[in-house]
1. What's the FRET efficiency of THR79 with LYS33 using the Cβ-Cβ distance as r and R₀ = 22 Å, to the nearest 0.05?
2. Exposure proxy check: ILE108, ILE92 ranked by fewest other beta carbons within 10 Å?
3. Give the calculated FRET efficiency between ILE92 and LYS44 to the nearest 0.05, with a Förster radius of 35 Å applied to their Cβ-Cβ distance.
Amino acid sequence: MTIEQRLITENKLIKQIETRRVLNLNNMTLGEKSVDIIRNLILKGLVAKVSLSESGIGDAGLLGLLQGDLIKDSRSLVTLDLSCNGLTGKSIRKLCEAIVYNRSLLHINLSSY
């Protein structure tokens, strides 16, 4: 992806977040840096719906999202789509432990189609 394409993509995501508080990164290959950015957006309460279906985050990415009680303490996150990411019991167990305390999350998609 060229720098220009990346800037266009980032601008589209920013506009999407500002208008609908939705972060849709479906079918994108995400790395460790992406997980850090997503964490910060959730921590700041800027997104209510995060869709990471088929983004390849895997267990490591989900565990990264769960660092520092992110899901446990989030008051803005309503929907989290983690479908088709090859998640295993290792990360899903940690997610389950975190959502017990969450009061805003209404929908989590962990399907694998």
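Bear in mind these aren't lab numbers, they're just calculated from the coordinates by the rules spelled out. Predicted model, so just to flag it, every value in this text is computed and none were measured. Note that each Cβ is placed from the backbone with ideal geometry, even for glycine, and that neighbours are counted across all protein chains shown.
1. In this case the efficiency is close to 0.40.
2. In order of increasing Cβ crowding within 10 Å: ILE92, ILE108.
3. E between ILE92 and LYS44, to the nearest 0.05, is 0.85.
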